[in-house]
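Heads up, the thing below is written out as structure tokens.
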Amino acid sequence: MSLHLYNTLTRNLEGFEPSDGKKVHMYSCGPTVYDHVHIGNLRTFAFQDVLRRHLRCCGYDLLHVMNITDVDDKIIANAQKANQSISEYTARYIDAFKKDTKMLRLETPEHITLATDHIDAMITLIQRLADKNLTYQSEGSTYFRIAHFENYGKLTRLDTSGMKTGGRVDQDEYEKDDIRDFALWKAPKDGEPYWESPFGPGRPGWHIECSAMSMQYLGATFDIHTGGVDLVFPHHENEIAQSEGATGQQFVRFWVHAEHLLVEGQKMSKSLGNFYTLYDLLDQNYSPEAIRYSLISVPYRKQLNFTFDGLKAATIAIERLRNFKRRLETETFPEGEASELLAAVARARDQFTVAMDDDLNTAQALGAIFDFVRDANTKIDSEDFFEGNRESAIDLLTLFDSIFDVLTMEADCRIPVEEIERFIEERSRARKNRDFARADEIRVELQRQGVVLEDSRDSTHWKYV
RNA sequence: GGCGCGGUAGCCAAGUGGUAAGGCAGAGGUCUGCAAAACCUUUAUUCGUGGGUUCGAUUCCCACCCGCGCCUCCA
């Protein structure tokens, strides 16, 4: 089986390969930086990270663009409240976003693009739409005229014919000919920041940045566009209208959307008090790796029930995998090799890959890994695991970690290795002399400093926790 | 109301027309100076409910119940 992804456009699982055969051109809707991102946002970004990593496992190169929306109504309102320019205001949250993603080990896309750096490209695109008679102006704003674009709604399959003009009027809705029409360029209200353009001063509408920036970096047609399910309509539908309206070509081949997460079975909301940012969880002493594991171990197309029990389970599951890895790296095995173990590794590798190829079925992929871990641990215990089995087993974990990336720990300012080893030596002498009081004292002291000792028959291993 | 996703053990969760992966938690055991780690045994005669198709359904069909999402703020 080769990689298959569920394409929202066709509502089908489809075999994926990049249109140029080698490099995947991919665009992801990033955050709007009016506040810190929350774990729901991070679930979607973590999914994108898993997709990236697996695409690379499939042998593809990546050209991945993620936008940061750094101008919109909320940003303008908040910046005005804070008496700051929008760039002063957003700088803090852009920085926070980059820190969050780094903490969760999300790979940085090849390009991270700010909307405000691409206003010219947006203006050019709007101009192209205007030239094709797909726009109109009203009260200083420019709108996309859906009535002139056939095929509107092909992503959503939504019956928009029943929508009526004048239904809802929010603060930024002006006069539109058709309720389905959407703003490409919004006229500024008093005191609002604006850019000059051939169709008057204003700022970009919500959707135009993604069309302009994705096509600028990836071409008129590209392979994959990702985002959360809530973006399907209207955001992505409108991106299609803008892009295909301008180019006459198919905009995106695969639309891939991540489901939302719930917290303890409930929709995350500030009013329910179950609204979390990454730092809310780190403050409760959950590790970034456990959070990452929790976010990616449920397949992306399923609603993720994010729970604190799950976070604890993730912490322990990671610990188990790390213990196993350390065993493989540090223990001494008899010479030779067990062919059934080589076969078990090959099987696990295969199952892992097949699962990931099947629309990134991370849960199933994990199952394959844990099956092998139990199998190999049993063999190690019974001394049926040989030197010749070490390398391929470690390679399997390397494959696993190339996607999951939870096994390594951040090097930080802990008690240095030499000191730990000195303690271990002293403790070994004490144990030999049956001075268990001193031996336990040392273990407790190291434990206090975040080092756990594990005695095996002939040696003592240690690990940071 | 329209469109869509889902309901599998205490919790999370995979999966299939042929009789239920995996993780966590629980119980018992092996090993150990103690501990940790690891392993073994055990924990769903059953997959929201009721019908139907079938030799056989958790898996297909229909109805119903419940949860969630979208229907122009939204990952």
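Here each label is just a point 7 Å from Cα along the line to Cβ, and for residue A:74 and residue A:458 those points are 6.1 nm apart. Based solely on its DSSP helices, what 222 nm [θ] is calculated for chain A when runs of n ≥ 4 H residues each add -39,500 (n - 2.57) and the sum is averaged over all residues, nearest 500 deg cm²/dmol? Per the formula, -14500 deg cm²/dmol. For the pair residue A:98 and residue A:448 in one chain, pulling the backbone fully straight at 0.36 nm per residue adds 122.7 nm over the alpha carbon distance.
Using a Förster distance of 25 Å, how high is the FRET efficiency between residue A:56 and residue A:415, based on the Cβ-Cβ distance and rounded to 0.05?
Values: r = 36 Å, r/R0 = 1.44.
Computed FRET efficiency for residue A:56 and residue A:415 comes out at 0.10.
List the aspartates and glutamates whose alpha-carbon lies under 12 Å from that of residue A:176, not counting same-chain residues fewer than 8 positions away? The qualifying aspartates and glutamates are A:139. Under a crude label model (7 Å from the Cα following the beta-carbon direction), how far is residue A:339 from residue A:220 in nanometres? Distance between label points: 5.8 nm.
In percent, rounded to a whole number, the relative contact order of segment A:7-258 is 24, using alpha-carbon pairs under 8 Å and six or more apart. Candidate cross-link partners of residue A:81 among the lysines, defined by an alpha-carbon separation under 26 Å and a same-chain spacing of 8 or more, comprise A:98, A:99, A:186, A:189, A:270. For segment A:417-464, the dipole from Cβ point charges (+1 on Lys and Arg, -1 on Asp and Glu) about the Cα centre works out to 180 debye, to the nearest 20. The residue list A:193, A:245, A:231 was ranked by how far each Cα lies along the charge dipole of chain A toward its positive end, using unit charges on Cβ atoms, and A:231 comes out on top. Working from Cα pairs under 8 Å separated by at least six residues, relative contact order for chain A is 16 percent.
Taking 0.36 nm per residue of sequence separation and subtracting the Cα-Cα distance, how much length would be gained by fully extending the chain between residue A:139 and residue A:267, in nm to one decimal?
The residue A:139-residue A:267 span can extend by a further 42.3 nm.
Rg and Dmax of chain A, based on Cα coordinates, read 26.8, 91 Å.
Of A:342, A:220, A:266, whose Cα points farthest to the positive end of the dipole of chain A (charges on the beta-carbon: +1 Lys, Arg; -1 Asp, Glu; origin at the Cα centre)? Towards the positive end, the residue furthest out is A:266. Counting 0.36 nm for each residue step from residue A:20 to residue A:330 and taking away their Cα separation leaves a gain of 107.2 nm. Distances between placed amide hydrogens fall under 5 Å for residue A:114 paired with A:68, all partners being 5 or more residues away or on another chain.
FYI, it's all coordinate maths here, none of it is from the lab. Nothing here was measured: the structure is a model prediction, and the numbers come from that model. When we count neighbours, we look across all protein chains shown, and the Cβ atoms used for this are built from the backbone with ideal geometry, even at glycine.
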